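Structure, as structure tokens:
The values are calculated or read from the model by the stated rules, or taken from the named source; none is laboratory data. This structure is a prediction, so every number in the text was calculated from the model and none was measured. Note that we place each Cβ from the backbone using ideal geometry, even for glycine, and neighbour counts take in every protein chain shown.
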Amino acid sequence: MSEPLLEIQGLRKQFGALRVTDDLHLQVRRDEVHALIGPNGAGKTTLIHQIAGTLASDAGTITLDTHDVTALPASARVQRGIARSYQITNVFRRLSVLDNVALAVQARRGHSFSFWRPVVRDTALRDEAAAVLDRLGLAEHALRSAQSLSYGDQRLLEVGIALATAPRMLLLDEPMAGMGPQESSRMVEMVERLRGHVAVLLVEHDMDAVFRLADRISVLVYGSVIATGTPQEIRCNPDVVQAYLGGEDIR
Ligand SMILES: Nc1ncnc2c1ncn2[C@@H]1O[C@H](COP(=O)(O)OP(=O)(O)OP(=O)(O)O)[C@@H](O)[C@H]1O
């Protein structure tokens, strides 16, 4: 069993009187796919924002590899190895697929976007971006504009942009949302290939995908983790079945 890479203790985020995350504790190991499930409004997306640093926390700590990152801005967390995939709105639609990934590689190297040069002039950059596309199964689309990709491929590209920052902790917020069965299964295969190379925290409503992919699952209810365990443990946990599904079987 590996040591936790990400450790969250007593985390809280409050909007007015509403505590969206509240005394939240969670550990993600460095070699696991860890799924976070919970009813609508439980606070899953808010937690992803707090980990990524796009929302400041009101209490608690977030440590990555024992370094406290709670007070760091989002950009500094990316440099430390935390990446999240954003919605398609984060993709530069008119740029090529390869250039989109290369921009993220370049950002990781600490260059600002104003120094962006066509990727074709920078072999190392191009090779690194191409390797990411290979990993995603998008190599054949490298020179197409991002906007010409199918919906499923655009969502894969989002993950590619996150991977291009060479994360140790990858946050995926509903990567299968809006996908048909075929596209979902490509995303599942892609996440499967990441296992062991990068720690993955996966928020997903598609329970088939969750139970297929997760090494462990945490269940969030009213902003707190009520249970963490293997898929089998979670499936059999009476508190989870009661709280999450109102008493119905989880699958
Ligand atoms: N910026 C905000 N201001 C006020 N309330 C917010 C804000 N962001 C989220 N909330 C509220 O916090 C609660 C949790 O939202 P969040 O999106 O984190 O839940 P979730 O578990 O991701 O839900 P879903 O599964 O439906 O995506 C909701 O009641 C939401 O309305």
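Looking at (1) under 19 Å from Q106 (Cα atoms); (2) surrounded by 14 or more Cβ atoms within 10 Å (Cβ to Cβ), which one does L143 not meet, given that it meets all the others?
Exception for L143: condition (2).
Of all residues in region 43-100, how many are at positive phi and buried (at least 17 other Cβ atoms within 10 Å of the Cβ)?
Count: 4.
Given the condition more than 13 Å from the ligand (Cβ to nearest atom), outside the structural domain of D134 (by the TED database), outside any loop (DSSP other than H, G, I, E, B) and within 24 Å of A146 (Cβ to Cβ), answer yes or no: does some residue in region 62-77 qualify? Steps first, answer last, please.
Kept after step one, since they are more than 13 Å from the ligand (Cβ to nearest atom), are these residues of region 62-77: 62-77.
With outside the structural domain of D134 (by the TED database) added as a condition, the list becomes 62-77.
Adding the requirement that they be outside any loop (DSSP other than H, G, I, E, B) leaves 62-64, 67-68, 74-77.
When the remaining residues are screened for being within 24 Å of A146 (Cβ to Cβ), the result is 74-75.
Scanning region 62-77 turns up at least one residue that is more than 13 Å from the ligand (Cβ to nearest atom), outside the structural domain of D134 (by the TED database), outside any loop (DSSP other than H, G, I, E, B) and within 24 Å of A146 (Cβ to Cβ).
Taking the criterion of being surrounded by 23 or more Cβ atoms within 10 Å (Cβ to Cβ) and hydroxyl-bearing (S, T, Y), would at least one residue in region 19-35 satisfy it?
Yes, there is a match, as at least one residue in region 19-35 is surrounded by 23 or more Cβ atoms within 10 Å (Cβ to Cβ) and hydroxyl-bearing (S, T, Y).
Going through region 136-187 one residue at a time, which ones are polar (S, T, N, Q) and under 18 Å from the mean Cα position of the chain (by Cα)? Before the answer, list the steps.
Start the filter on region 136-187 by keeping residues that are polar (S, T, N, Q), which leaves 145, 147-148, 150, 154, 165, 182, 184-185.
Residues satisfying the conditions are Q154, T165, S184, S185.
So which residues in region 213-248 are modelled with pLDDT under 90, outside any helix (DSSP H, G or I) and of a type in the set (D, E)?
To start, the set of residues in region 213-248 that are modelled with pLDDT under 90 comprises 239-248.
Narrowing the set further to residues that are outside any helix (DSSP H, G or I) leaves 246-248.
Answer for region 213-248, where residues must be modelled with pLDDT under 90, outside any helix (DSSP H, G or I) and of a type in the set (D, E): just E248.
Give the residues of region 178-201 that are among the hydrophobic types (A, V, I, L, M, F, W, C), farther than 21 Å from V97 by Cα and assigned to a loop (DSSP other than H, G, I, E, B), sorted by residue number. Even if it seems obvious, please write down each step before you answer.
Of all residues in region 178-201, those among the hydrophobic types (A, V, I, L, M, F, W, C) come to 179, 187-188, 190-191, 194, 198-201.
Checking the rest, the ones that are also farther than 21 Å from V97 by Cα come to 198-201.
Correct list: V198 only.
Determine whether D206 is among the acidic types (D, E), touching a helix residue (DSSP H, G or I) at 6+ places or on another chain (Cβ under 9 Å) and at pLDDT 95 or above. Let's see the steps before the verdict.
On the way: among the acidic types (D, E): yes; touching a helix residue (DSSP H, G or I) at 6+ places or on another chain (Cβ under 9 Å): yes; at pLDDT 95 or above: no.
No; evaluated as a whole, the condition is false for this residue.
Regarding region 154-162, can at least one residue be identified that is on the phi < 0 side of the Ramachandran plot, assigned to a helix (DSSP H, G or I) and surrounded by fewer than 21 Cβ atoms within 10 Å (Cβ to Cβ)?
Here is the first cut: in region 154-162, the residues on the phi < 0 side of the Ramachandran plot are 154-162.
Still in the list and also assigned to a helix (DSSP H, G or I): 154-162.
From what's left, surrounded by fewer than 21 Cβ atoms within 10 Å (Cβ to Cβ): 154.
Yes: one or more hits.
Please go through region 1-53 and pick out each residue that is away from the ligand (no atom under 11 Å from the Cβ), part of a loop (DSSP other than H, G, I, E, B) and touching a helix residue (DSSP H, G or I) at 6+ places or on another chain (Cβ under 9 Å).
Residue satisfying the conditions is G53 alone.
Output the residues belonging to region 121-140 that are surrounded by 15 or more Cβ atoms within 10 Å (Cβ to Cβ) and basic (K, R).
The answer is R126, R135.
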